[in-house]
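The values are calculated or read from the model by the stated rules, or taken from the named source; none is laboratory data. Since the model is a prediction, treat every value here as computed from it, not as a measurement. Note that each Cβ is placed from the backbone with ideal geometry, even for glycine, and that neighbours are counted across all protein chains shown. Keep in mind that these areas ignore ligands, DNA and RNA; they rest on the heavy atoms of the full protein, side chains included. Shrake-Rupley method; radii C 1.70, N 1.55, O 1.52, S 1.80 Å.
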Amino acid sequence: MDSLAQSELKIDYSLALATLKESDPILANLIDRVGVCELDRVQFRGDLLFSLSRSIVYQQLSIKAAATIFRRFEQLYPDRPFPSALDVLNTPDEVLRQIGISRPKISYLKDLAQKIQDGLPTLAQLSECDDETIVQTLMPIKGIGRWTVEMLLIFRLHRWDILPVDDLGIRAGIRRIYNLSELPDKKTVDRVGQRWKPYRTIASWYLWRSADLFRG
């Protein structure tokens with residue numbers, strides 16, 4: 001079963017959790033405290049344009065503000081579930097500005113739409129590729145960096161072995177559970193994460209959730 005079809009189903013994480021807990025007692029404690037993995041309940045939807053457009057809009061904004069802007073973006077195209085590349089290219093910049101999208105992000109959205117119009121692989125085609133090939137295919141798009149592609153890999157293609165070493169939430173989670181004096185750099189994150197292979201995505205989800213346990 002491919003990644004796209006798999007992401008629509010209830011995922012059984014039992015083997016991944018057992019493996020992670022055996023390989024890392026500290027992470028095991030976090031897993032026990034957080035409980036059931038619900039990563040499959042927070043998957044992105046839509047095609048490649050829609051998924052990456054969402055990531056672009058959400059960059060450097062609070063979740064609440066980004067959600068409001070992206071909802072307005074969706075409402076610009078009421079006659080279809082997801083806008084096409086041509087829809088986005090034909091939307092005047094002024095209209096996108098009026099719903100709260102910044103000028104740089106407008107250029108990112110238009111560049112993404114143009115590359116899709118020019119023949120960028122579809123999400124289904126990308127799902128057949130390995131992780132690094134997907135990263136290298138999408139990073140030439142303006143405004144799309146490795147972290148953005150990693151979010152697509154985790155939350156849309158549901159790849160199981162992604163560790164976003166630059167992610168602040170991941171770094172903060174490692175600092176919390178290992179009682180480090182400062183945020184680890186990406187080399188340290190990568191080194192710590194080696195023991196979580198091939199389930200680094202699931203470990204990442206628990207690290208993000210650790211913020212809920214330590215809040216306040």
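How long is the gain from Arg72 to Gln125 if the chain were fully straight, where each residue apart is worth 0.36 nm and the alpha carbon distance is subtracted? Before the final figure, lay out each step's value.
Details: separation 53, 0.36 × 53 = 19.08 nm, distance 2.89 nm.
Gain on stretching Arg72 to Gln125: 16.2 nm.
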| task | Run the quick spin-label model on Glu22 and Ser102: label points 7 Å from Cα toward the beta carbon, then report their separation in nm to one decimal. | result | 4.7
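In deg cm²/dmol and to the nearest 500, what is the mean residue ellipticity at 222 nm of the chain if only DSSP H runs of at least 4 residues count, each as -39500 (n - 2.57), divided by the residue total?
Working: 14 runs with 131 residues, N = 216.
Result for the chain: -17500 deg cm²/dmol, rounded to the nearest 500.
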| request: Give the peptides 17-27, 159-169 in descending order of average Cβ contacts within 10 Å, highest first. | output: 159-169, 17-27
| task | Measure off 7 Å from each Cα along the Cα-to-Cβ vector at Thr188 and Ser14, then give the distance between these two points in nanometres to one decimal. | result | 3.7
| Prolate/oblate/rounded call for the stretch 89-199, Cα gyration tensor, a/c under 1.5 rounded | oblate
| task | On the full set of protein chains, 1.4 Å probe, figure out the accessible area of Arg191 and give it in Å² to the nearest 10. | result | 140
| task | Take the alpha carbon atoms of the stretch 20-96, find their center, do the same for the stretch 195-216, and report the distance between the two centers in whole angstrom. | result | 19
| remark: Taking R0 as 45 Å and r as the Cβ-Cβ distance between Asp32 and Leu86, the FRET efficiency 1/(1 + (r/R0)^6), rounded to the nearest 0.05, comes to 0.35
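Taking the inverse of the average 1/r across all pairs of different Cα atoms in the chain, what Kirkwood radius in Å do you get? Write down the numbers at each step before the final one.
Numbers: mean 1/r = 0.0540 Å⁻¹.
It is 18.5 Å.
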| message | Given a 1.4 angstrom probe, I'd like the percentage of the accessible area of the chain that is carbon and sulfur, rounded to a whole number. | response | 51
